[in-house]
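Trainee: Here's a structure for you.
Readers should treat all values here as calculations from the given coordinates under stated rules, not as data from a laboratory. Just so you know, these numbers come straight off a predicted model, no measurement behind them. Glycine also receives a Cβ, built like all others from the backbone with ideal geometry; neighbour counts cover every protein chain displayed.
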Amino acid sequence: MSAASPVARRNPFARAMLYAVLAGFAVIYLMPLYVMLVTSFKPLTEIHQGNMLALPDAWTFAPWREAWGSACIGLECSGVHGYFFNSIKIVVPAVLISGLLGAFNGYVLTKWRFRGHKIVFGLILFSCFIPFQIILLPMARVLGILHIANSTTGLVLVHVVYGIGFTTLFFRNFYASFPDELVRAAKLDGAGFFTIFFRILLPSSIPIIVVTIIWQFTNVWNDFLFGVSFTSGDSAPITVALNNLVNSSTGVKAYNVNMAAAMVAAVPTLVVYILAGKYFLRGLMSGSVKG
Amino acid sequence: MSFLHIHNIHKRFGETHVLKGIDIAIEKGDFLVLVGPSGCGKSTLLNMIAGLDDISEGELRLDGERINDLHPSRRDIAMVFQSYALYPSMTVAGNIGFGLEMRKVPKAERRAAVQRAAELLQIENLLDRKPGQLSGGQRQRVAMGRALVREPQLFLFDEPLSNLDAKLRVDMRTEIKQLHQRLGTTIVYVTHDQIEAMTLATRIAVMRGGELQQLGTPQAVYDDPNNLFVAGFMGSPSMNLVTARIERLGGELVARLTAGSDEVVLPVVRDRAALEAWCDREVIVGLRPEAITDPSSANRQDGVIHEAELAVDLVEPTGADLYVVTQLGGRSINARMRPGSTLEPGQRARFAFDVSRMVAFEPDSEHRIRNPETVAPSEPAVVTSIS
Amino acid sequence: MSKPPSSRGAGARERLQHWLPKLVLSPSFVLVLFFVYGFILWTSYISFSDSGMLPDYTWAGTRQWSRLWSSWTWGIALHNIWVFGLLYIVSCTLLGLLLAILLDQRIRAEGTLRTIYLYPMALSFIVTGTAWQWFLNPGLGLERTMHSLGWESFSFNWLIDANMAIYTVVIAAVWQATGFIMAMFLAGLRGIDGEMIKAAQIDGAPTWKIYLRIVIPQLRPVFLSAIVVLAHLAIKSFDLIVAMTGGGPGNATAVPATFMYSYAFSRNEMGIAAASAVFMLAVIAALIIPYLYSELREPRS
């Protein structure tokens with residue numbers, strides 16, 4: 001429960017200081033988001049003249065429209081919307097496949113243990129902590145051999161493979177605390193491997209399914225390394241497009257368009273975070289500490 | 001041929017030897033209770049009967065058929081688990097009917113069977129609820145319903161009452177016993193609670209450290225324990241176990257016990273022939289609290305009563321009885337007296353010992369010292385009567 | 001603990017049931033074996049080969065490794081990761097702990113504040129980098145704002161200062177991760193036995209002393225987790241640097257991850273890239289394996 005020793009509960013001055021410090025930090029944390037938003041609604045002239053923190057004098061949606069539909073990324077001048085949909089095409093199958101595999105793995109590793117199950121789990125788990133630089137070179141070659149280099153399909157494969165570790169960890173920890181007696185009872189009742197999974201375990205797994213989906217969604221959506229290493233041009237995900245837009249645009253820098261594009265890239269994960277922050281945090285925690 | 005025959009069963013987990021050759025046989029309709037302290041291997045044995053644990057060595061036969069390697073679902077066995085193991089996502093009806101569904105019993109037949117089981121256990125009104133909405137006692141009934149509905153050859157219970165509060169536990173105990181009498185089913189029941197074992201069983205198997213200590217009727221295990229462990233484990237308050245010296249006094253064999261600064265000399269009447277060999281040596285004698293009473297409530301018809309005067313240390317009324325603590329053989333012992341008695345600590349009082357119920361054990365091996373004709377390594381033929 | 005069921009009366013279905021669990025696990029396991037451990041072996045081999053633009057399996061001994069170690073940029077990258085990692089870990093841990101302790105004082109708007117502190121963790125590093133690049137823009141960002149607020153002499157051009165640029169990355173990275181570390185500490189604080197604190201209060205200890213002597217020492221496992229997580233994030237950091245500084249000005253903010261990427265994909269020096277990747281893996285493995293081992297070891301009963 002909440003602590004312990006509320007700092008000077010009877011001292012109104014200390015209390016006020018406490019709230020002031022916390023509010024100050026909140027302002028610092030919100031500042032970049034605020035500046036991003038405000039800038040994205042300003043005309044460029046206003047940006048060059050005015051104060052970064054000031055609200056726009058003349059609100060405009062033009063930067064958002066440009067970012068979405070007509071900003072130039074490389075030689076293509078059709079905005080980020082195509083890359084946004086690329087990201088969706090990558091995220092949806094990658095999340096579903098890695099989630100399903102993780103659920104099955106967690107089920108087998110807790111309820112159908114075999115000799116060596118700990119080693120198998122350890123090997124799978126370690127895969128989510130490796131620096132991905134170690135696999136960039138061979139992966140680029142394998143994707144080429146499979147003819148899925150520079151495609152969203154290729155990125156789906158990559159994200160599934162390197163997502164299995166975390167999804168397995170989540171489901172394993174969740175199912176480890178699922179009573180074994182239920183599985184035993186179902187076996188006596190005559191249920192087999194898949195029946196036990198789909199009828200007994202899965203209906204009780206909603207919380208961990210939500211955690212896994214949110215975690216995988218955030219990770220895959222926010223990925224940059226795989227996207228920039230294995231795709232270019234049309235098949236790149238949104239993060240790569242955003243970076244190209246911001247860091248290689250020639251001529252006058254359109255800061256307002258950059259900020260609007262950054263917001264487009266940020267909105268999906270922000271929405272998920274605001275709607276299901278509890279599950280987001282739970283994923284973060286079990287991704288770092290045991291569940 | 002017995003109905004359930006457990007023959008020389010061993011269980012090893014790697015280096016650890018969990019069960020060291022268990023032999024138990026029971027008949028159809030028997031209620032076998034496996035009882036012992038935690039870690040004695042009783043739950044492992046039950047899981048092996050269910051087919052949920054592999055048998056390392058030995059043979060398991062049900063109704064003549066060897067079932068060692070049969071899949072749990074094909075053994076015609078149902079089990080009630082300690083945690084009840086109700087499927088959280090299914091209704092009560094779904095839980096009870098799941099086993100039948102897995103056996104592809106037609107829906108209408110299934111519904112009728114679930115209804116019958118629910119009526120038997122008086123849970124018809126709960127059929128549409130989820131397990132999360134039930135009380136502990138209701139869950140217990142559903143778990144039993146799930147076992148009953150399949151009408152198996154053998155029921156297994158794994159500490160089914162240990163999660164209930166004291167009052168409910170007694171009620172459910174009675175109910176299980178009634179169910180057994182009504183349906184005549186064969187049951188193997190695991191518990192660490194010796195009162196549950198005494199009240200329910202037709203056969204008790206006392207286990208410790210992976211070994212069977214004694215198998216017999218509740219009365220036999222209670223009155224005629226095979227060793228010091230069984231004597232101390234069964235019964236509450238437990239048997240008084242004190243050191244005594246066997247001597248010959250004027251031709252009679254007696255047990256001499258210290259009692260504070262005094263001594264008490266009790267005649268040996270039971271297992272006399274065997275105790276002859278222990279003359280002038282120390283043994284451990286056991287006397288149940290109800291075998292030490294006030295002289296007026298002593299059972300002089302069936303017993304052999306010997307009286308002695310001892311100091312009262314402590315008086316503990318329980319309502320139904322009055323337990324008096326006194327010193328004997330260097331230990332505090334319990335005597336069960338008449339409730340209305342006006343004894344006070346510090347006072348001296350007369351105690352009546354029913355020496356016909358006194359049993360003796362070897363101090364080193366802790367084995368029972370028994371007359372040869374009544375020796376029964378695992379199961380005595382009849383309840384040993386007083387010699 | 002499984003054993004094949006006897007063939008007598010078992011039939012194909014039961015045999016299938018016996019193999020099913022392993023069958024279901026095997027695709028994932030095979031994928032991981034190939035794409036993780038197979039790739040690690042391949043990359044390790046390449047680091048001892050003659051590979052340049054294309055893989056060349058001629059054994060070259062430690063040539064690539066000595067080239068890596070004599071590279072000027074690699075030296076900068078190692079220096080940067082030290083500076084960045086150390087500042088990042090220390091700042092996030094201290095700031096996270098501070099926020100957690102402040103939030104643990106029965107604060108009225110705790111839920112809202114927690115949400116605010118943690119939201120950057122949901123953002124992509126590219127978004128974070130873009131935002132901070134703009135926020136710290138020497139011409140139009142913070143500096144200009146301070147000037148217009150009347151602080152004419154304020155100057156902040158770290159982003160284009162080769163000596164200071166790495167610190168701007170630290171600022172953005174700390175902003176992003178502190179909320180998460182705070183959440184870890186907060187969970188740790190909530191797990192501490194309240195009665196112990198009450199006992200200390202009755203003993204007359206002042207609040208700061210209770211925290212210093214009783215509470216913080218009990219958070220040791222959280223410190224360990226936080227440091228491991230942060231170190232792991234730091235060594236892998238790539239996106240944020242690319243988005244904020246692109247490794248520049250010049251090579252000033254190069255780190256091992258950007259070094260590896262540029263040798264692999266722009267400079268076509270596969271051998272050196274592989275050697276740098278193997279080095280990164282070795283450092284992370286030395287950190288993570290003992291941690292995972294201690295975290296996942298089941299307590300012996």
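Trainee: Could you derive backbone 3J(HN,Hα) for the range B:80-95 from the dihedral phi with the Karplus parameters 6.51, -1.76 and 1.60 (θ = phi - 60°), listing whole Hz in sequence and x where the residue is Gly or Pro?
Mentor: 10, 8, 4, 8, 6, 6, 7, 6, x, 8, 9, 6, 4, 4, x, 4
Trainee: Continuing with this model, one more query. When DSSP assigns beta bridges and you keep just the ones with both residues in the protein assembly as shown, what percent turn out antiparallel, to the nearest 5? Spell out each step's value before the answer.
Mentor: Working: 64 of 82 bridges.
Percentage antiparallel, nearest 5: 80.
Trainee: Taking 7 Å along the Cα-to-C-beta vector as the label spot, tell me the A:Cys77-B:Glu119 distance in nanometres, rounded to one decimal.
Mentor: According to this spin-label approximation, the distance is 8.4 nm.
Trainee: Turning to a different aspect of this structure: Any aspartates and glutamates with Cα under 14 Å of the B:Lys104 Cα? List them, leaving off those in the same chain fewer than 8 positions away.
Mentor: Filter leaves A:Asp189.
Trainee: Along the positive direction of the dipole of the range C:72-297 (beta-carbon charges: Lys, Arg +1; Asp, Glu -1; about the Cα centre), which of C:Pro249, C:Trp82, C:Ser266 reaches farthest?
Mentor: Result: C:Trp82, furthest along the dipole toward the positive end.
Trainee: Moving on. So, with +1 on the Cβ of K and R and -1 on the Cβ of D and E, and no other charges, what is the size of the charge dipole of the protein assembly as shown about its Cα centre, to the nearest 20 debye?
Mentor: Values: 83 positive and 75 negative charges, 408 e Å.
The dipole of the protein assembly as shown has a size of about 1960 debye.
Trainee: Can you tell me the orientation of helix B:136-148 relative to chain B, as the angle in degrees between its alpha-carbon axis and the longest Cα principal axis, to the nearest 10?
Mentor: With both axes taken from Cα atoms, the answer is about 70 degrees.
Trainee: Oh, and also: Taking the Cα centre of chain B as the origin, how large is its charge dipole in debye, to the nearest 20, when only Lys and Arg (+1) and Asp and Glu (-1) carry charge on their Cβ atoms? Don't jump to the answer; show the numbers that get you there.
Mentor: Values: 44 positive and 51 negative charges, 309 e Å.
Taking the Cα centre of chain B as origin, the dipole is about 1480 debye.
Trainee: Would you mind telling me which residue in C:Thr73, C:Thr207, C:Thr128 has the biggest mean-square fluctuation in a Gaussian network model of chain C, where springs connect alpha carbons within a distance under 10 angstrom?
Mentor: C:Thr207
Trainee: Under 5 Å between amide hydrogens, which residues at least 5 positions from A:Ser232 or on another chain qualify, with H placed 1.01 Å from N in the peptide plane?
Mentor: For A:Ser232, no residues qualify.
Trainee: Taking the Cα centre of the range C:72-297 as the origin, how large is its charge dipole in debye, to the nearest 20, when only Lys and Arg (+1) and Asp and Glu (-1) carry charge on their Cβ atoms?
Mentor: 400 debye
Trainee: Could you run the Karplus curve 6.51 cos²θ - 1.76 cosθ + 1.60 with θ = phi - 60° over the range B:200-213 and give me ³J(HN,Hα) per residue in whole Hz, x for Gly and Pro?
Mentor: Listing the rounded values in order: 8, 6, 9, 9, 10, 10, 8, 10, 8, x, x, 10, 7, 8 Hz.
Trainee: Excluding residues fewer than 8 places away in the same chain, name every one of the lysines whose C-alpha is closer than 21 Å to that of A:Lys253.
Mentor: Correct list for A:Lys253: A:Lys42.
Trainee: While we're on this one: Rg(Cα) of the protein assembly as shown divided by 2.2 N^0.38 Å?
Mentor: Normalised Rg, Cα atoms only: 1.26.
Trainee: Tell me, for the protein assembly as shown, which Cys residues have no other cysteine's C-beta sitting closer than 4.7 Å.
Mentor: A:Cys128, B:Cys40, B:Cys279, C:Cys92
Trainee: Quick one: if the Förster radius is 45 Å, what FRET efficiency do C:Leu94 and A:Asp234 give, using the C-beta to C-beta distance and rounding to 0.05?
Mentor: On the way: r = 45 Å, r/R0 = 1.00.
E(calc), rounded to 0.05, equals 0.50.
Trainee: Which ordering of B:Cys40, C:Cys92 is given by a fewest-first count of other beta-carbon atoms within 10 Å? It would help to have the intermediate numbers written out before the result.
Mentor: Working: B:Cys40 24, C:Cys92 27.
By the 10 Å Cβ count, ascending, the order reads B:Cys40, C:Cys92.
Trainee: Using a basic spin-label model with each label point 7 Å from the Cα along Cα→Cβ, how many nm lie between B:Asp171 and C:Ser70?
Mentor: It is 8.8 nm.
Trainee: Around C:Asn137, which amide H atoms from residues at least 5 apart in sequence, or from another chain, sit under 5 Å from its own amide H, with H modelled in the peptide plane?
Mentor: Residues meeting the criterion, in which the H sits 1.01 Å from N, are C:Leu142.
Trainee: Which ³J(HN,Hα) values in Hz, rounded to whole numbers, follow from the phi angles of the range B:113-119 under the Karplus curve 6.51 cos²θ - 1.76 cosθ + 1.60, where θ = phi - 60° and Gly and Pro get x?
Mentor: So the J values, rounded to whole Hz, are 5, 4, 4, 4, 5, 5, 5.
Trainee: Please identify the helices of chain A, taking whole runs of DSSP H, that span at least 27 Å along their own axis as judged from the Cα atoms and have a mean Kyte-Doolittle score of -1.0 or higher.
Mentor: A:12-40, A:81-111, A:152-176, A:255-275
Trainee: With unit charges on the beta carbons (Lys and Arg positive, Asp and Glu negative) and the dipole taken about the Cα centre of the protein assembly as shown, which residue among B:Ala201, A:Cys77, C:Val24 sits farthest to the positive side?
Mentor: Among B:Ala201, A:Cys77, C:Val24, the one farthest towards the positive end of the dipole of the protein assembly as shown is A:Cys77.
Trainee: Here is a further query. Structure shown: which of A:Lys118/A:Lys187; A:Lys89/A:Lys278; B:Lys42/B:Lys167; A:Lys89/A:Lys118 lie over 31 Å apart, alpha-carbon to alpha-carbon?
Mentor: A:Lys89/A:Lys118
Trainee: Over all residues in C:19-27, what is the mean tally of Cβ atoms on other chains that come within 10 Å of each residue's Cβ?
Mentor: Per residue, the number of nearby Cβ atoms from other chains is 6 on average.
Trainee: Using a basic spin-label model with each label point 7 Å from the Cα along Cα→Cβ, how many nm lie between B:Ala108 and C:Thr112?
Mentor: Placing both labels 7 Å beyond Cα along the Cβ direction yields 6.4 nm.
Trainee: Before rounding to the nearest 500, sum -39500 (n - 2.57) across all DSSP H runs of length at least 4 in chain B and divide by the residue total; then give [θ] at 222 nm in deg cm²/dmol.
Mentor: That calculation yields -7000 deg cm²/dmol at 222 nm.
Trainee: Sorted from fewest to most neighbouring beta carbons within 10 Å, what does the list A:Val27, C:Val32 look like?
Mentor: With the fewest neighbours first, A:Val27, C:Val32 line up as A:Val27, C:Val32.
Trainee: As a footprinting exposure proxy, order B:Met172, B:Met358 by other Cβ within 10 Å, with the fewest listed first.
Mentor: B:Met172, B:Met358
Trainee: Also: Give the residue from B:Thr258, A:Ile135, B:Asn8 lying farthest towards the positive end of the charge dipole for the protein assembly as shown; charges sit on Cβ (+1 for Lys and Arg, -1 for Asp and Glu) and the dipole is referred to the Cα centre.
Mentor: Of the candidates, A:Ile135 comes out farthest on the positive side.
Trainee: List the residues, sorted by chain then number, that are 5 or more residues from B:Leu322 or on another chain and whose placed amide H is less than 5 Å from its amide H.
Mentor: Under 5 Å from the amide H of B:Leu322 lie the amide H atoms of B:Met337, each far enough along the sequence or on another chain.
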